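Structure, as structure tokens:
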Amino acid sequence: MNENIQKLREKSMRLPQTPGVYLMKNAKGEIIYVGKAKALKNRVSTYFGGQSNQYIKVAKMVEKVAAFDYILTDSEFEALVLECSLIKQHMPKYNILLKDDKGYHYIKITKGPWPSITAVKQKLGDGAEYIGPYTSFFAVSKAVDEALKIFRLPQCSKTFPADCRKSRPCLNYFIQQCSAPCAGKIKQTAYNEAINEAVTFLKGGSGPALLDLQQRMELAAENLEYEKAGRLRDTIAAIKRMNEKQKVVAAGVREQDVFAIVQGSAQADTRISEKACMVVLRFAAGRLFDSEHFIFDNPEDLPAARHELLRSFYMMRERIPPIIAIDGDVEDAELIAQWLTSKAGRKVTITLPQRGNQAELVALCRANAAEKLANSIGKTGKDTAALDELARLLGLPSPPEYIEAYDSSHTAGSDNVAGMVVFKNGLPYKAGYKRFMIKGFEGQDDYASMAEVLTRRLQRYMDEKASGEGFGKLPDLILLDGGQGQVGAVLPVLKQFGLDIPLFGMVKDNRHRTRAIAQDGGEIALNSKRAAFTLVSTMQEEVHRFSIAYHHKKRKTSTLATTLTNIPGVGKATAKALLGHFKTIKAIKAADIEELMQVKGIGAGVAQNIFKAMNEDE
């Protein structure tokens, strides 16, 4: 402990056991972190005690601390309110700060004989008509997308009339989401009528638009304009379908926000591992009206991070709903709820849904977060979501990037082998695959096989860990093909090497399909976790395939070796040498005596015996 840290610790030990706010400062006197405490002495002294138990980010912050100040408050709630005010004022480097990129957004309708409708972020002096401003680009882009589909307007980048009648219709025309002016499928007057209908829809919403369209449809029918009436009828049906789709997504949701966080993988050699993503889905009047996402440094303490993220988000948002659903534990959740209640002027409840519609909304939010996080580095969100779901299911601190799966294979205890496959970032990493021959015993014992394989694998780690590659790299998760018996056989091996690696079994049903995850003392059902189920099933099938393939190869070699050892003068070593030299029985049979004598350890007499045995039928 350096001299400055010792002085800061001594100062912290003199703090009172009362609520308050503390401000960490660097050598320049800049505030780099603001925190609140129920008991200042207890909280602040933890920063300057033993460094071994601190998270990496906290340890880095403490290295920069040259001094700290504090402000006493009457209660922990007052400390939270003051903390929020000071964070907003000083924007400290080591607090989780969400960047508020909310600006004004518009719906743009261009002028000319063939107008277009787009969502834009700026209002230009170009003579176009603008609807807005709106604060949510999600809402604007979603509304424009709905209008274009309902009124069958082009969603491509073509301009008209320059591109009229110059190409064949695209798929949108055939699924009735575009009128295909590019192929001359709609007249200019009908196109402009559809534009006007879309603008009415965007300005007034679906209610007024439906009423206007209904009246126009009835009038067209009275005037025997059946084609026009049919088009208006289809438009009304499209709006109703869109409304029903929204009702399904937000069934039973009145006004609330839904939060979810997805972290990058545990290893630090990929860009995704350094970041996490929070997504907020915002509902009002039974509709999803906004979605926001934030990318930030991967947090080491999720409950504390959720506390900071909720606080940071609502510090920059005026609208606070009565219900906030979130995907995990929140540090001081009651205190945050009290602060939000005070800010909103009515009761605000923070919930952690476990089942039903609310849990489905949280799962939807988490899937969006996984997709946003993966897209931030140019990957798909499917594998990221599966790893995140698996981590939550197994209680892992972060998604496992490097997973090893093991299976053994034998025939009634003979030709006993095992295979190890590696999945990296949710995908097979074949460079890491390994094969093992069971050497410690003869006969059938699946538990002993697993224990031997893991013992040899971890011993190789001890010998090669300086390299950090291959066996010199430890997995974030170990999966064994089997149940609690296999897990119980391998746990003592991990303890023997002093390693704390999450270890689980992959349990199959009576039809050899993945059913559950086995742990020490019970099982975890997989059927309700689709992404995790698919990932575990894939790993279990792959390790089974790999170990079976090795077993078949080994058994074939053993059978051939047995055939050779029946020849006088040929023992196991000679049979192995023959197969190593010629590779196949066919090649041995085709060899003459001189070629057989080229194999180490085979003289003229033995060569004649082999030649005679291989060709005696002829």
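No value in this document is a laboratory result; all are computed from the given coordinates. Quick caveat: nothing in here was measured; it's all calculated off a predicted structure. Here Cβ is always computed from backbone atoms with ideal geometry, including for glycine, and neighbour counts include all displayed protein chains.
Summary table
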| item | result |
| --- | --- |
| Given [x] 40, 38, 23; [y] 37, 31, 24; [z] 60, 43, 21, the label whose value is semi-axes √(5λ) of the Cα gyration tensor in Å derived from this model | [z] |
| Net length gained if the chain between Leu474 and Glu442 were fully extended (0.36 nm per residue, minus Cα distance) | 8.6 nm |
| Length-normalised contact order for the chain - Cα pairs under 8 Å, 6+ apart - percent | 7 |
| Members of Lys465/Lys508; Lys108/Lys343; Lys149/Lys228; Lys203/Lys343; Lys439/Lys553; Lys495/Lys554 lying beyond 28 Å, as alpha-carbon distances in this model show | Lys465/Lys508; Lys108/Lys343; Lys203/Lys343; Lys495/Lys554 |
| In order through segment 476-481: 3J(HN,Hα) via Karplus (6.51 cos²θ - 1.76 cosθ + 1.60), integer Hz, x for Gly, Pro | 7, 7, 10, 10, 10, 6 |
| Segment Lys7-Gln598, extension gain: residue separation times 0.36 nm, minus the distance between their alpha carbons | 204.8 nm |
| Sites Glu464 and Lys187 - FRET efficiency at Förster radius 60 Å, r taken between beta-carbons, to 0.05 | 0.20 |
| Gain on full stretching of the segment that runs from Ala237 to Asp500 - 0.36 nm per residue minus C-alpha separation | 88.8 nm |
| In degrees, nearest ten, helix 188-204 long axis to first principal axis of the chain (Cα) | 90 |
| Simple label model, 7 Å out from Cα along Cβ direction - Glu318 to Lys589, nm | 9.0 |
| Using a Förster distance of 56 Å, the FRET efficiency for Ala59-Lys430 (Cβ separation, nearest 0.05) | 0.90 |
| Degrees separating the helix 76-90 axis from the principal Cα axis of the chain, which is the longest one | 80 |
| Violating pairs (Cα-Cα greater than 22 angstrom) within the set Lys36/Lys372; Lys93/Lys372; Lys57/Lys275 | Lys36/Lys372; Lys93/Lys372 |
| Ordering of 357-363, 580-586, 89-95 by packing [mean C-beta count within 10 Å, highest first] | 357-363, 89-95, 580-586 |
| Residue-wise HN-Hα coupling along segment 299-313, computed from phi with Karplus coefficients 6.51, -1.76, 1.60 (Hz; x: Gly, Pro) | x, 9, 10, 5, x, 5, 5, 4, 4, 5, 5, 4, 4, 5, 5 |
| Between helix 530-565 and the chain: long-axis angle, C-alpha atoms, 0 to 90°, nearest 10 | 10 |
| Asp212-Lys166 pseudo-label distance in nm [points 7 Å out on the Cα-to-Cβ vector] | 3.1 |
| Isotropically averaged projected area of segment 3-90, using the convex hull of Cα atoms (one quarter of hull area), nm² | 5.4 |
| Inter-probe distance in nm under a simple model that places probes 7 Å from Cα toward Cβ, at Lys93 and Ala67 | 1.8 |
| Relative contact order [Cα under 8 Å, 6+ residues apart], segment 407-459, whole percent | 35 |
| The chain: calculated mean residue ellipticity at 222 nm from DSSP helix runs of at least 4, using -39500 (n - 2.57) | -14500 deg cm²/dmol |
| Two-site FRET efficiency, Ser75 against Asp329, from Cβ-Cβ distance with R₀ of 22 Å, rounded to 0.05 | 0.45 |
